[in-house]
Each structure stands twice: as C-alpha cells, then as structure tokens.
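One structure is given below, encoded as structure tokens.
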Amino acid sequence: MKTSILLASLLISAATIANAQQIKRTPIPNSNFPISVAVTVPAGADTIYLSGVLPDVADPAAPKGTPAAYGNTETQTLSVLRKLQAALANEGLSFADVVSLRVFLVGDPKLDNKLDFTGLNNAFGQSFGTAAQPAKPARTALQVVALPLPGALVEIDLVAARVKN
C-alpha cells in the first residue's frame, strides 16, 4: 500500500513538473540576449493579456509632461516592468509566465529623438534571462511618434500563459 501511495505521489509530482515545462522557449543561437526567438504555448493553457502600461513619475520636481519627469528610457522601462510585475502577481503569475511583450518607444530628445535601445535592454535584462528568472519571452520593440502620456518614452503590453495542471 505504501509503495502505491509513493508511486502515485511521484507520478503527480512528475506531471506537475512536466506541465510547468510545457512552454517551449527557443533561444537566440549563441546569444545571452534576454529574449527568445520563439515561444510555444501548449494547447489548453490560459492566455492572459495585459494592456499597455506607462511609467510613473520619477522626479516630481521636473516639469510635468516632460521626459525629465519620468526619467530616461532605462528608468521608465524599470518603472513599467515593476507595474507589470505587480499586475501579473494580481493574476497569480510572474515574469516566468510571460511569453511575449510589445514595447513602444518614443525617441529620446537627448538622443536626437532616436530610441534608446541600450537603455531598454539594460532594464529588460534585470527582469528576464537572469539567474533568478531565466525565462526569456519573445519581444518586439517599435519606435512610435508619441504615447498617450506626454513625456513618456516607454509603453509595454504583454501576454502571459498559465499551463493548467
């Protein structure tokens, strides 16, 4: 009887581990860049879409509606990622469950209105592809003329997946 219970427990544990590993992430060959080339979500998984998130004010003393009020691209990206992490937690999820992100970037006036891809990636690399959180989502980054929040340089939306046990 004890053997049957032990065997059943092991099978349940193995099934849980297998389910957690069903999201397949294809890395960029020969790269440590914190994104995947592709992410495959298994049939039957719940898909969760989070709307675009904009940054919080970083410097209340700066003029309202300016990038100075929200910080540079890296600062704004970190702010947005913190807000997304909290929204995911409200859904019982984490960055490990993120399968895809879309990043909308406004050109930084300090960089001749070019997007700050380095600042984006510096912030992004603190949340994805780390020792603490190794999962790497697929990602698209686009430069746009403006965002709905004057002074914002970054808006991010995402898709997460919950594999059912």
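The values are calculated or read from the model by the stated rules, or taken from the named source; none is laboratory data. Everything numeric here is computed off the predicted structure, so don't read it as measured data. All Cβ positions, even for glycine, are placed from backbone atoms using ideal geometry, and neighbour counts span all protein chains on display.
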Looking at the stretch 136-149, which of its residues are crowded, with 16+ Cβ neighbours inside 10 Å and in a strand (DSSP E or B)? Ala138, Arg139, Ala141
Just checking, which of Pro55, Pro67, Pro109 is closer than 17 Å to Ala146 by Cβ, within 16 Å of the chain's Cα centre (by Cα) and touching a residue at least 24 places away in the same chain (Cβ under 8 Å)? Pro55
Which condition number does Ala152 fail, the rest of (1) within 24 Å of Ile28 (Cα to Cα); (2) part of a loop (DSSP other than H, G, I, E, B) being met? (1)
Enumerate the strands (runs of 3 or more DSSP E) found wholly within the stretch 27-128, keeping only those where 3 or more residues are surrounded by 18 or more Cβ atoms within 10 Å (Cβ to Cβ) and either at pLDDT 95 or above or not acidic (Asp, Glu) (or both). 46-53, 98-106
Evaluate the following for Ala135: is it of a type in the set (Gly, Ala, Ser), within 30 Å of Gly44 (Cα to Cα) and under 16 Å from the mean Cα position of the chain (by Cα)? yes
Of the criteria (1) in contact with a helix residue (DSSP H, G or I) (Cβ under 7 Å, 6 or more places away or on another chain); (2) within 20 Å of Phe33 (Cα to Cα), which one Arg139 fails: (1)
Evaluate the following for Phe104: is it over 22 Å from Lys24 (Cβ atoms) and more than 14 Å from the chain's Cα centre (by Cα)? no
Which ones in the stretch 150-160 are over 12 Å from the mean Cα position of the chain (by Cα) and crowded, with 16+ Cβ neighbours inside 10 Å? Gly151, Ala152, Leu153, Val154
